[in-house]
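Before any comments, here is the structure.
The values are calculated or read from the model by the stated rules, or taken from the named source; none is laboratory data. Just so we're clear, the structure is a prediction, and the values are computed from it rather than from any experiment. Counting neighbours? That spans all protein chains shown, and the Cβs are built from the backbone with ideal geometry, glycine included.
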């Protein structure tokens, strides 16, 4: 599996600040050609080229400014202001899309729901700035662990999600391990931050019905992970005693706590 990074809010191939100036320039060219053609047929005087250059430049500039404002508003509407990850609204939109695509093509789809362990204690010790640093550390761990196609998001105060298209349960567990490893590495030089992670796949949520139930199945797995001692990974539908993760010291292997409907 390639470990390309992702910010969570995938930019469109063409932004408004790119499309609008091109449209403005195209309009200016077409209008200029049309006017010149009409005046040539009527025998009138051709419009000076410099005038159309000015009009075209104004249209391009206006298109760029208007498009840039639209891009900024769109980015704000889908992005968490603290971490820069996708927000809940964007996550739910992408979940709808990826669920439909996974069903259509018969591909796996996994969702990792994680909760920052003991964030309140971090806030109590160092204030809300310390809590913000912990959240930023988790966001950075998600970015550095995800592939380009994965969608990391912050969906609550201390809750994060990775939506992983074309990802089976074993690969989702490996992704969860990478997130925890990044946090352990960051904790060696700063304040230690840990997360508990619940994982649900499309198959394990199928019995519940629709795509949003991936979140419900992952939430149940997350509850089992936290009740099992925190800093744990629980896989929805996993067999009891299946070893798939490591603890913060690296040994011995953790046992996955069954999630799902159990």
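See the values below:
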| read-out | value |
| --- | --- |
| Filter result for the condition that a residue is over 18 Å from residue 235 (Cα atoms), buried (at least 16 other Cβ atoms within 10 Å of the Cβ) and in contact with a strand residue (DSSP E or B) (Cβ under 6 Å, 6 or more places away or on another chain), over 154, 184 | 154 |
| The listed residue being at pLDDT below 90 and in the same structural domain as residue 202 (by TED's automatic domain parsing), out of 71, 124, 132 | 124 |
| Among the candidates 134, 141, residue that is buried (at least 21 other Cβ atoms within 10 Å of the Cβ) and more than 25 Å from residue 217 (Cα to Cα) | 134 |
| Extreme residue, modelled with the highest pLDDT, among residues of region 169-192 that are part of a loop (DSSP other than H, G, I, E, B) and touching a helix residue (DSSP H, G or I) at 6+ places or on another chain (Cβ under 9 Å) | 192 |
| Residue tally, condition touching a helix residue (DSSP H, G or I) at 6+ places or on another chain (Cβ under 7 Å) and assigned to a helix (DSSP H, G or I), over region 113-137 | 7 |
